[in-house]
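Scroll down for the structure; my scribbles are underneath it.
The values are calculated or read from the model by the stated rules, or taken from the named source; none is laboratory data. Remember, predicted model here, so these are calculated numbers, not experimental data. Cβ sites come from the backbone with ideal geometry, for glycine too, and all protein chains shown count toward neighbours. The protein model used for the area step is the full one, side chains on, heavy atoms only, and it has no ligands, DNA or RNA in it. Shrake-Rupley method; radii C 1.70, N 1.55, O 1.52, S 1.80 Å.
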Amino acid sequence: MNVEKIVGQLDIRPGMAVADFGAGHGFFSIAFAKKVGSSGQVFAVDIQPAALEAIRSQARIEGLFNIKLVIGDLEKAGGSSLADESCDLVFLASALFQISNKSLLINEAHRVLKKDGKLAVIEWKPYIALGPQKELRFSEEELKRLIAAEKFGELKSIDAGSHHYGFIFLKNVNY
């Protein structure tokens, strides 16, 4: 994935609060921290402490002090431990296929997003040779149905490269 190209499509501005759910080693968290600037905040949420430590190290190297590391289990209600309606954007890249209870994860994103908040999801294309087991992947239509059923409306697609696809969803406040 081309991190900069994807981040460039997300309309991230200084002062925003961004949650990177399933942050891994933080390639996106670092890019978000640069975009939101010192007036913004990035919450790098992952269940693996070692992954968060890698983000801490890279953030120090790059002089970024606006990333909060959060050990969180996104398969539990309230698992991010972030406050209700605290984020402008929740980002989820190549993680849904790993989650058994997808509804809990999507509900958690909805909970932490502000009224006009957005959920950006990047996933593996189901028909390419690389990536996780094909039976764990979603088609684009399956992903849209899953997210829409969980309190979101589709906003637009993202060019996520040759191996991934992506969408931005808008929080539906009628729930």
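What percent do you get for the relative contact order of segment 1-139 when only Cα pairs under 8 Å and 6+ apart count?
21
Using 19 Å as the cut-off for backbone N distance, which residues of segment 82-117 belong to the label zone defined by a point 7 Å from the Cα of L130 along Cα→Cβ?
Only 93-98 pass the distance filter.
Which net charge results for the neighbourhood of Q48, defined as the other residues with beta-carbon distances under 15 angstrom from its beta-carbon, given Lys and Arg at +1 and Asp and Glu at -1?
Taking every Cβ under 15 Å from that of Q48, the sum is -4.
What percentage of the solvent-accessible surface of the chain, computed with a 1.4 Å probe over protein heavy atoms, is contributed by carbon and sulfur atoms?
Within the chain, the accessible surface is 52 percent carbon and sulfur.
Give the share of C-alpha pairs in each 5 angstrom bin for segment 17-97, from 0 to the last occupied bin, in whole percents, shortest bins first.
Bins of 5 Å from zero give 3, 17, 30, 27, 16, 6, 1 percent of pairs.
For Cα extents along the principal axes in Å, several values are listed as (1) 80, 33, 30; (2) 40, 39, 28; (3) 51, 42, 30; flag the one computed from this structure.
Step by step, Cα extents along the principal axes in Å for this structure corresponds to label (2).
Can you tell me, using C-alpha contacts under 8 Å and at least 6 residues apart, the relative contact order of segment 31-111 as a whole percent?
It comes to 27 percent, rounded to a whole number.
Between segment 78-111 and segment 20-54, how far is it from one alpha carbon centroid to the other, in angstrom?
14
Take the Cα atoms of segment 1-62, build their convex hull, and give its volume per residue in Å³.
Enclosed volume per residue, from the Cα hull, is 75 Å³.
Using a 1.4 angstrom probe, figure out how much accessible area segment 95-158 has per residue, in square angstrom, rounded to the nearest whole.
The answer is 50 Å² per residue.
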